[in-house]
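Please read the structure below before turning to the comments.
The values are calculated or read from the model by the stated rules, or taken from the named source; none is laboratory data. Since this is a predicted model, take the numbers as computed values, not measurements. Virtual Cβ from ideal backbone geometry, glycine too; neighbours counted across all protein chains shown. Accessible surface areas use protein heavy atoms only, side chains included; no ligands, DNA or RNA. Shrake-Rupley method; radii C 1.70, N 1.55, O 1.52, S 1.80 Å.
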Amino acid sequence: MRRIPTLAIPCAGICLVLVAALVPAAEADQKLGPGHARYEVALRWHASRWTLDGSERISFENTRSHTIRAVWLRLWPNGQASCRRPLITVEIVSGGQAGPSAAACTARKVMLRRELTPGSRAAIRLRFSERVPLGNESYGHVPGGPALLGNALPILAVTDRTGTHLEPYSRLGEAAYSLTSSWRVKLDLRRGLTAATTGTQTGTGSPSSGLRRLRFAASKARDFELAIGRLHARTTKAGGVRIRFLDMLPRGSATSKLRREVLASARTTLLADEQRFGPYGAPELDIVQTPTIDAAGMEYPEIVFVEMTDSSAGADSWRKTAALTAHEIAHQWFYGLVGDNQWREPFLDESFATFVSGFPSHPCKPGHPLAGYPTSVRLTSTMGFFDHHPSDDYYGGLYGGGACALRDLRSGFGPVRFDAFLRHWVDTHRYGVATIPEFVSAIRAAAPSGFDVDGYLRASRL
Ligand SMILES: [Zn+2]
């Protein structure tokens, strides 16, 4: 939930006048691309200015069936800004030339130096500079908390059979859509600061006096996020996964209790989710405390941001804190491993994470998961719909109602068949991207005889 004011976004120069959500593909092509991307990123964090300078080399394969001449970058920080006063600016250094921007400057086309035939690789290099604004967004900073850099790094947009996806930023939910890639990131920052990130830290160095250089790697992640601050870290192990809790809380017994309880609860959740859906698939999970964040939590690959204070382990708030953390951990499977287009089909990540974490916060009427919501609210609704309707349609209808619809499916299938079905769903789409039509097909294929699939889909507005 991002309650920023609606911005009148002035378009200047080559900024497209209309938001182009999709650039049509030349011909129908079932394959997603560009794929098998490798990001090599060098970052420098300027703590006093809340700015990040970076360079990025992105190499990728044309995994589609046709020759391509351009790729698109997503520049999500500009979702909170305007084309006139962008939060991130990018310069293409080699491998291509900057083309037009689109989607209110959250997308930039790059014309490749050479056309790229199917199966071939190319690389572009770019430099960028960005400013993390004051505010409790997942790209922002608040007093007493770390700088949160969610969706901060330029990343390749996805092209599929319908075209290149340039969905707009979502004020209420998420809009990112990307393919699993490998990441090698080095980060220079002032001594005394540290970072929680996607992936794991692989080394440290000292590029100059007063500066530290941290190196990170993630072999299969669909994005790379960071949180930077004077972070205290405490860790535990869950099977082969190291869970780290990183916070900026004051010392004291309440903080110590919170650290213990967050790690214990996260460990239980992660092991239970692995039991249900298979391996977490990465060596580390970072849980980052922030004093306040809109919607109270945000998930990214191998890192989550969760709102907590040192009283969050108290009797009044622990239940909410534990449920929030469990919800964000569930997203590691339902968005992180089984990816989706979060703007077009938020059902596949939000409803699933709510169901998995056992947190339908509103009462369900069995067989009528969206009872009480206008008929326009559907589990197939996009963030384009939810961004322009009451927030309860999103949190109550999609999160709660969507979780209830999955509960109805479990009840119709029977728990054993349903649990195997969901495990198979994760196995089939692990590290890939899933769609609602594929989910509907999977329901049809797995439904027991006598289960009225069409009746279920109608009642669930799927
Ligand atoms: Zn969620």
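Name the strands (runs of 3 or more DSSP E) wholly within the range 44-98 that hold at least 2 residues that are of a type outside the set (Ser, Thr, Tyr) and under 18 Å from His165 (Cβ atoms)?
51-61, 68-74
Could you please give the count of residues in the range 67-98 that are open to solvent by less than 60 Å² (accessible area, probe 1.4 Å), in contact (Cβ under 8 Å) with a residue 60 or more places away in the chain and not hydrophobic (A, V, I, L, M, F, W, C)?
6
List pairs: first in the range 259-280 and within 24 Å of Ala218 (Cβ to Cβ), second open to solvent by 30 Å² or more (accessible area, probe 1.4 Å) and in a helix (DSSP H, G or I), Cβ under 7 Å, 6+ apart or cross-chain?
Arg276/Asp419; Arg276/Arg423; Phe277/Arg423; Gly278/Arg423; Gly278/Asp427; Tyr280/Glu274
Quick check on my filter: what residues within the range 285-296 are under 19 Å from the mean Cα position of the chain (by Cα) and open to solvent by 10 Å² or more (accessible area, probe 1.4 Å)?
Thr292, Asp294, Ala295, Ala296
Tell me which residues, restricted to the range 369-391, are of a type in the set (Gly, Ala, Ser) and either in a helix (DSSP H, G or I) or open to solvent by 30 Å² or more (accessible area, probe 1.4 Å) (or both).
Ala371, Gly372, Ser376, Gly384, Ser391
Those residues that are within 11 Å of the ligand (Cβ to nearest atom) and farther than 16 Å from His141 by Cβ, I need them from the range 286-298; list them, please.
Ala295, Ala296, Gly297
Can you tell me which of Leu263, Leu271, Leu249, Leu258 is more than 30 Å from Pro154 (Cα to Cα) and either open to solvent by 30 Å² or more (accessible area, probe 1.4 Å) or acidic (Asp, Glu) (or both)?
Unique residue meeting the criteria: Leu271.
The conditions are (1) within 16 Å of Leu457 (Cα to Cα); (2) modelled with pLDDT of 95 or more, and Tyr335 fails exactly one of them. Which is it?
Result: Tyr335 fails condition (1) only.
Ala353 fails exactly one of the following numbered conditions: (1) under 19 Å from Arg222 (Cα atoms); (2) touching a strand residue (DSSP E or B) at 6+ places or on another chain (Cβ under 9 Å); (3) small (Gly, Ala, Ser); (4) away from the ligand (no atom under 12 Å from the Cβ). What is the number of that condition?
Among (1) under 19 Å from Arg222 (Cα atoms); (2) touching a strand residue (DSSP E or B) at 6+ places or on another chain (Cβ under 9 Å); (3) small (Gly, Ala, Ser); (4) away from the ligand (no atom under 12 Å from the Cβ), Ala353 violates only (4).
Considering only residues that are outside any strand (DSSP E or B) and surrounded by 22 or more Cβ atoms within 10 Å (Cβ to Cβ), which ones fall in the range 105-119?
Matches in the range 105-119: Cys105, Thr106.
Go through the range 299-348 and give me each residue that's within 13 Å of the ligand (Cβ to nearest atom), assigned to a loop (DSSP other than H, G, I, E, B) and among the polar types (S, T, N, Q).
The answer is Gln342, and nothing else.
Name the residues in the range 120-156 that are surrounded by fewer than 20 Cβ atoms within 10 Å (Cβ to Cβ) and in a loop (DSSP other than H, G, I, E, B), would you?
Ser120, Pro133, Gly135, Asn136, Val142, Pro143, Gly144
May I ask you to verify whether Ile228 is among the β-branched types (Val, Ile, Thr) and within 16 Å of the ligand (Cβ to nearest atom)?
When the stated conditions are applied, Ile228 does not pass them.
Look at the range 363-378 and say how many of its residues are in contact with an Asp or Glu (Cβ under 9 Å, 6 or more places away or on another chain) and either touching a residue at least 40 places away in the same chain (Cβ under 8 Å) or within 13 Å of Gly400 (Cβ to Cβ) (or both).
Matching residues across the range 363-378 total 7.
Name the pairs: first residue in the range 387-405 and assigned by TED's automatic domain parsing to the domain that holds Phe418, second residue open to solvent by less than 40 Å² (accessible area, probe 1.4 Å) and acidic (Asp, Glu), Cβ to Cβ under 7 Å, at least 6 apart or on different chains?
Leu398/Glu350; Tyr399/Glu350; Gly402/Glu350
In the range 164-190, what residues are at pLDDT 95 or above and of a type in the set (D, E, K, R)?
Glu167, Glu174, Arg184, Lys186, Asp188, Arg190
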